[in-house]
Amino acid sequence: MSRQRAKPVADLSPRQAKLEHARLEEEIAAHDRRYHQEDAPSVSDADYDALKRRLLEIEDQFPDLATLGGVSSRVGAAPAAGFAKVKHAKPMLSLDNAFADDEVADFLGRIRRFLNLKIDDELTLIAEPKIDGLSASLRYENGELVRAATRGDGQEGEDVTANIRTLKHGVPHRLHGKGWPDVLEVRGEVYMTRTDFLKLNGAQEEAGGKIFANPRNAAAGSLRQLDSSITAKRPLRFFGYYWGEISAPLGRTMLECRDRLEHWGFTLNSPVTVCHSAEDLLAYYRDIAARRATLPFDIDGVVYKVDRLDWQERLGFVSRSPRWAIAHKFPAEQAQTILEKIDIQVGRTGALTPVAKLKPVNVGGVLVSNATLHNEDEIARKDVRVGDTVIVQRAGDVIPQVVSVVMEKRKPEFVPFQFPDKCPVCGAPAERETDPKSGEADVVRRCTGSVTCPAQLMEGLRHFVSRSAFDIEGLGEKQIAAFYEFGWLKEPADIFRLNKHVPDLLKKDGYGDTSVNNLMRAIEERRTIGFDRFIHALGIRHVGQERARLVALHYPDVRSWLDAMDAAKDREGEAWDDLIGIDKMGDVVAHAIVTFTTRRHSRAVIEHLLKELKDVVPPARPAQDSAVAGKTVVFTGSLEKFTRDEAKARALSLGAKVAGSVSKKTDYVVAGPGAGSKLAEAQKHGVAVLSEDDWLALIGG
Ligand code: IVH
């Protein structure tokens, strides 16, 4: 769960930075483990990114904290920063593009002129598909794969040797056969087949992981992992199509070289055809275009290459592309149709996604009736309205997109789309969170219903039973998923009603008497639960373990908490002030808590759960006999004898409540040098102001 860290990094003392850095490292590493090893992330991407950003910000400010092999240098950090750089022995170039038929004829004309060929001199080319993946260069020395690099800027790429070694298709670790040059750099494309891509996305979705937009993105995301054990789990393949540095020639023609490369263990782009004229090339192009949808991988065009290498040599390069080759690209597949409706889908993490419902239209051989509109800002930017005629595109992406509106066909009665501010599934408010630091609204609007929203139930239940929440032994994600499938879980309270399904459960594979008994006993045990765990388990946005504990410490018991939330419903008055006075609270979080606890639907879910529970036990209160037990303290200004966090922890352990803002309920304000508005507030409310030494004296040193 996300945590609001209001303090700007620039204001952290080195010690605070160190503590927070360590905590972040630990937290991020835990999420990484869950994401990558267990394939079961426990935070949204946005929350995860926020943690990462904060960590990097701290490291920027306090560079000593960035350790080699630390979290920031691993998975998910900007890969360019994490991989070693490799200078290519020969630059990795790109290809010139042709779109129209006559550009292909021009290409041949240029070559003929350059080589000064006579009208009846035969010019042989090969034609092969242009794979939509990412290019890589594999270097072999004495037959051994020694280095693999991405293209990067063409001069310098990233060292992905360890990752490339995990590929199960197309990359020999040692060259087969014999006759290979001592130095051989094979260049080609790392890609994913469509079937593998769909399977991967299925698994990712199952695990709540990242969903890739298309096979290319999936391949790129999978190859550029700083942890090669992740790459190893991804179904990547490699097609060779050319070479870089070689210590001896591979052959006289492309076809010969292709044969030899295949012989040494590589898989080359196919189908390949030999062509002698523009007509041949175009026939190949049309044939492949027609078969495009049936090929196992995504292609974005075809490539024509002069077959004779001596001619390639003579032709050479213009700027960054060879004169002897060209990519003949397929046009993006587009069509016009009518936007009949905009549906709002709610994802497993509560994100509201607008989906265009279209009058079905054929786009490049595929019937399209749904297309993504991305998010509410995109709808506004493109001014897409229901009734509009829109241009739909499939461009390698599996998910078709609405590109633009045909404005000439706009009718005055088409009104701007009103994005809902309530979740269409559960009716809870759907909100765009404001980044506390940048003050910018998130592009994604989210349902605030958490586990109480049917669309988020699965995700919510997973969180509910997780370690830091109800922690029910034997009830992990697998079981939750299964019981959910059986239709036994509609809300968290149903976990405590599973006992009525025992006879059915015993009939299922993998559930014996002992395991079912143990599970039921474990569930029974949790009918008594800590108040802090209870709050955390609800999955209220922004309320992680730490805030849940602070809330649980602040109210005597669950009933008084709920009553107080009812009283705070209007976001004003004593109960509200009391809530936002809790440390680490702030408006955004308080708002989320009040919304969650007072909305009819989510409140019912809480009440159902409470009915099933025997006891919700307040956390052990820290020492009650200290001078500050039960007092509310606010720290302000810079403290000199300990960090703010230490001071707070100490106060909490002595039974004090620590608040973030001064109100008339505050008992003490401990003010160090530089104290500002809080000091003024204290004076206004007549609250006792203590120096750090006064405070120490009060708590007994
Ligand atoms: S030949 C010296 N052949 O397309 C140039 N490239 O847009 C060698 N690509 O950077 C490139 N399929 O990543 C070649 N059959 C193919 C290809 C291919 C895909 C990629 C490659 C290149 C990019 C240029």
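The values are calculated or read from the model by the stated rules, or taken from the named source; none is laboratory data. In this text the structure is predicted, and so the values were computed from the model without any measurement. Note that we place each Cβ from the backbone using ideal geometry, even for glycine, and neighbour counts take in every protein chain shown. Ligands, DNA and RNA are stripped out before the accessible areas are found, and what is left, the full protein with its side chains, is counted by its heavy atoms. Shrake-Rupley method; radii C 1.70, N 1.55, O 1.52, S 1.80 Å.
Assorted remarks:
- Single residue of the range 281-322 satisfying the filter (over 40 Å from the mean Cα position of the chain (by Cα) and free of Cβ contacts under 8 Å to residues at least 12 places away in the same chain) that is most open to solvent (accessible area, probe 1.4 Å): GLU313
- The set of residues from the range 649-665 being basic (Lys, Arg) and surrounded by 20 or more Cβ atoms within 10 Å (Cβ to Cβ) comprises just one member, LYS657.
- Residue selected from the range 131-144 under the condition among the charged types (D, E, K, R), part of a strand (DSSP E or B) and touching an Asp or Glu at 6+ places or on another chain (Cβ under 7 Å), by the criterion least open to solvent (accessible area, probe 1.4 Å): ARG139
- Residue selected from the range 234-254 under the condition more than 14 Å from the ligand (Cβ to nearest atom) and exposed (fewer than 15 other Cβ atoms within 10 Å of the Cβ), by the criterion farthest from the chain's Cα centre (by Cα): ARG252
- For VAL302, the requirement of being closer than 30 Å to PRO129 by Cβ and away from the ligand (no atom under 16 Å from the Cβ) is not met.
- In the range 323-338, of all residues being out of contact with any Phe, Trp or Tyr (no Cβ under 9 Å at 6 or more places or on another chain) and open to solvent by less than 60 Å² (accessible area, probe 1.4 Å), the one that is nearest to the ligand (Cβ to nearest atom) corresponds to ALA332.
- Check on ARG147, more than 16 Å from the ligand (Cβ to nearest atom) and not in a strand (DSSP E or B): no
- Selection of the range 674-701 for residues being closer than 24 Å to GLY586 by Cα and in contact with a Gly (Cβ under 7 Å, 6 or more places away or on another chain) yields GLY674, ALA675.
- Matching residues in the range 185-231 - criterion: being of a type in the set (Asp, Glu) and either away from the ligand (no atom under 16 Å from the Cβ) or open to solvent by 40 Å² or more (accessible area, probe 1.4 Å) (or both): ASP196, GLU205, GLU206, ASP227
- PRO91 meets each of the listed conditions (1) closer than 17 Å to SER321 by Cβ; (2) not in a loop (DSSP other than H, G, I, E, B) apart from (2).
- Among the residues of the range 599-607, not a single one is without any contact (Cβ under 8 Å) to a residue 60 or more places away in the chain, under 24 Å from LEU679 (Cα atoms) and open to solvent by 10 Å² or more (accessible area, probe 1.4 Å).
- Here LEU95 fulfils each of the conditions (1) within 12 Å of the ligand (Cβ to nearest atom); (2) under 25 Å from PRO331 (Cα atoms); (3) open to solvent by less than 50 Å² (accessible area, probe 1.4 Å) apart from (3).
- Wholly within the range 304-378, strands (runs of 3 or more DSSP E) carrying at least 3 residues that are among the basic types (Lys, Arg): none
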